[in-house]
Each structure stands twice: as structure tokens, then as C-alpha cells.
Amino acid sequence: MPPAASCLRPVLVPVLVASLAASAQVQIGGKSPYRPSDLLTRTAFDHFYNMEFDRSVEEFQRVANHYPDDPFAVNHLLTAVLFRELYRMGALNSADYASNNFLTAPHRNADPKVREQVKYLVNRALALEHSRLERNPKDVDALYARGVTRSQFAIYTALIEHAWISALRNAVGARRDHEKVLELAPNYVDAKLVVGAHSYVVGSLPWGVKVASSLVGIGGNKRKGLTFLQDAAAGGGEASVDAKVVLVVFLRRERRLEEALGLDRDLVARFPQSSLLKLEQANILRDQGKRDAAIAVYREIWQAGHNGHYPGQHYESAAIAWGDLLRAEKDYAGAAAAYELVNQVTQPNPELQQKASLSAGQMYDLLQNREQAVKKYQQVIALKADNAPADSARRFLKTAYRE
């Protein structure tokens, strides 16, 4: 990260986290003549939230072809294309976002064709939005749509281009667009998603970082942020689902675990094909100290995925989380067995497979099974020799792992 961006990192992190969480704007209804409100759009978003990305992209493309001058249709397609690629790259690991590692975590490179497609869709949406705003600067639909486009571009420039200043500028621009929407139309509750998410995260920062945030025009208040998100979630509009997803994350942070669990279970019931939503349910149960219940859900995700329930998804994350739980209890044999499940996946995510193999090797070392530990470390290096897990594996080949 360049020096200028490093100085802004405490500001950049929360703004981008909020933008990422609030980026997928689902079209459920709406009376505006400018927004597609057809069955195909709703079906496409069902596929999107169920992580059936290929189908959602194809369907959103058909909608965009039918509504070529509608920025909402373009934004929907942009969302699906971008998140499909981020998932393929391994850039949607929830653990990275919980620890702010998402800015530096290694992942696969983006497909050059997808880069060009994303930039084309961003430019197309912005052109449509600016055209409408030139005719009417108070066009709240156009302002709202531009805020969505800017949020998407902030995510793209940060996670794919690593252009930190540009990412921050677009993220702040998105919030300001939606704040303007609320000034003009206070009942436009969908706009409370981005504003509320940003407000909560910035309001959670240490005092010194809040001051830095205020210098770039980003204020924050935790209570106001949660209230805005609850309004958006209850509004039943295009931001309702996303607001619920964000609330699950923030309520978990606030240790309001029963509320978070209830929201997540509702989302799982609505989108049963999403392994990520189901995985969050297990993680919350673990936070609650409900160890057996958490393991039961991890096992359920693993078995369902192994039986084909989550096609194209990295359900092996559940096996790793299961192993991590047992490892924390010093059940090293059980943890190793959980990590080894990843090797049963036909096409595992390479980064997750490396992590599982490295963790399994460490467990075998703690179990005094040096021969098996060495095999796992060699597997880590064979998967990819020039990254941090491989460096750790080489170190443990020389000296056995010890806690």
C-alpha cells in the first residue's frame, strides 16, 4: 500500500467494509418507472443470494438487454459479475473481513476479461446516472443508483486494482449520494443501508481514528447506524436483504447474539443454497458457547456440500471452521480429522486446501506423528510454493510445530 494510502488505512478499512457489505442492491419491488420490477429480476436475485452466480449473471444480462438505459439494471448486472469474480478469486473470506486482512490477504488474480467488463458496466451506469442528474439534480433514483455504482467501484478498485485512494474516494462518494437522497426524500429507507453501515463502523472506531475520518468527511454514530440499518431491513425494499446481512455482522460484534442468530436463520430459510449464510449460523452458535450445536451445523454443511447441495461453492470452509473449534479445545486428533475432510472435495479452493493442510500438519506435530506432519507440509508447498503458508510449511519441515 502506498504511503498516502497507509495514512488513510484506518479510515479506508471501515468504509470499504461497509461498502462491501452493502453493495448488492436487490430489486424486490418499487414503483419507479425507471427500475426493472419484473419476475426475471427477482428470480435473478434469488439465484444471486443463493450463490448461484452463473445463473444470476445470465439472467441479469437478459434484464439489462431489455432495459438498456436503466442504471438499476446495469447495477444489478455489475453486482453479479463483480461478486462472482471475487468469490472465484477467494476474496470473500469472512475471516479476512473480521480481522481487516482483506486489504492484504493473498488471492488469485482477477480475469482480465472480467476487469474490462466491470469497468465497462461502471462507466455505462455512471453515464446513465449523470445524464439523468444533469436534467434533474434532485432525481433521487439517479442519486441512489449512482451511490450503488460508486460502492461497487470502490470494492473493485480496492480488492482488484489495489487503488486505495480511488477506492476511498468512491466509497465516500457513495455515502454522500445516499445522504443526499435522504435529505430530498426522508422516507427513501433503502438509502439508509450505506449511510447506516458507514455510520456504525466509523462510530465504532477509536477517538483518534474518528478524528481522521472526520477530516475526509465521514462521521459516525453506532446507535444511529444500527437504527438506520433496522429501518432499511424492515422497509421491504431493494436494500432489505442486504441490511439484514449487515445487521447479522454488526449485532454479532455487539454480542447481541440471539438477535443475530434469528436474523441469520431467517436468511438461511429464504436462501437455503447459500453455504455462507449457513456457515454464519454455526459461527454465531460457537460465539454463544453452544459448542455441540455449532459442530452439528458445521457437519451439516459439510455433508450437504459433499452430497452436492452447494454446487460450485467452497463448503470446505465448514470443515476448516470445525477443525479450528476442536483445535481451540486441544482436541488435536479431532481437529486433524476435520482438516483432512478438505481433501475429499473434488475441486477445493486452493487457498483453503493449503490452510487445511498446514493446520493438519501442525496437529500431527502436536500428536507426535512427525511422518504424517511432514507429508502435510510437503502438500502445502506442492499446492503453491511462493506464499506465506508455504514459507510456514518449510519452517516446520525443519523444526516441528509447537504451540
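Brief remarks follow.
- Residue, farthest from Asn170 (Cα to Cα), within segment 121-159, restricted to residues that are surrounded by fewer than 19 Cβ atoms within 10 Å (Cβ to Cβ) and small (Gly, Ala, Ser): Ser131
- For the residues Glu116, Glu129, the requirement of being more than 20 Å from the chain's Cα centre (by Cα), without any contact (Cβ under 8 Å) to a residue 60 or more places away in the chain and over 20 Å from Glu183 (Cα atoms) singles out Glu116.
- Taking segment 227-242 as the range and being of a type in the set (A, V, I, L, M, F, W, C), at pLDDT 90 or above and touching a helix residue (DSSP H, G or I) at 6+ places or on another chain (Cβ under 6 Å) as the test, the residues that pass are Phe228, Leu229, Ala232, Ala233.
- Any chance Ala91 is modelled with pLDDT of 85 or more, in contact with a helix residue (DSSP H, G or I) (Cβ under 6 Å, 6 or more places away or on another chain) and either under 30 Å from Ile284 (Cα atoms) or part of a helix (DSSP H, G or I) (or both): no
- Looking across segment 49-81 at every residue that is within 16 Å of Val114 (Cβ to Cβ) and aromatic (Phe, Trp, Tyr), the one that is surrounded by the most Cβ atoms within 10 Å (Cβ to Cβ) is identified as Phe60.
- Check on Val245, under 25 Å from Thr41 (Cα atoms), of a type outside the set (Gly, Ala, Ser), touching a residue at least 40 places away in the same chain (Cβ under 8 Å) and out of contact with any Gly (no Cβ under 9 Å at 6 or more places or on another chain): yes
- Yes/no for Ala337 being surrounded by 15 or more Cβ atoms within 10 Å (Cβ to Cβ) and in contact with a Phe, Trp or Tyr (Cβ under 7 Å, 6 or more places away or on another chain): no
- Here Leu215 clears all of (1) of a type in the set (A, V, I, L, M, F, W, C); (2) at pLDDT below 95; (3) under 24 Å from Leu341 (Cβ atoms) except the condition numbered (3).
- Scanning segment 41-68 for residues that are under 19 Å from the mean Cα position of the chain (by Cα) and of a type outside the set (D, E, K, R) turns up Ala44, Phe45, His47, Phe48, Tyr49, Asn50, Met51, Phe53, Ser56, Val57.
The rows are residues; the columns are (1) under 19 Å from Val268 (Cα atoms); (2) without any contact (Cβ under 8 Å) to a residue 12 or more places away in the chain.
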position: Asn307; (1), (2): yes, yes
position: Ile320; (1), (2): no, no
position: Ala328; (1), (2): no, yes
position: Ala336; (1), (2): no, no
position: Tyr339; (1), (2): no, no
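- Qualifying residue in segment 102-117 (condition: surrounded by 16 or more Cβ atoms within 10 Å (Cβ to Cβ) and modelled with pLDDT of 90 or more): yes
- Considering only residues in segment 43-73 that are out of contact with any Ser or Thr (no Cβ under 9 Å at 6 or more places or on another chain) and of a type in the set (A, V, I, L, M, F, W, C), the one that is modelled with the highest pLDDT turns out to be Val57.
The values are calculated or read from the model by the stated rules, or taken from the named source; none is laboratory data. Here the structure is a predicted model, which is why all the values come from computation and not from measurement. Using ideal geometry, Cβ is built from the backbone for each residue, glycine included, and neighbour counts are taken over all protein chains shown.
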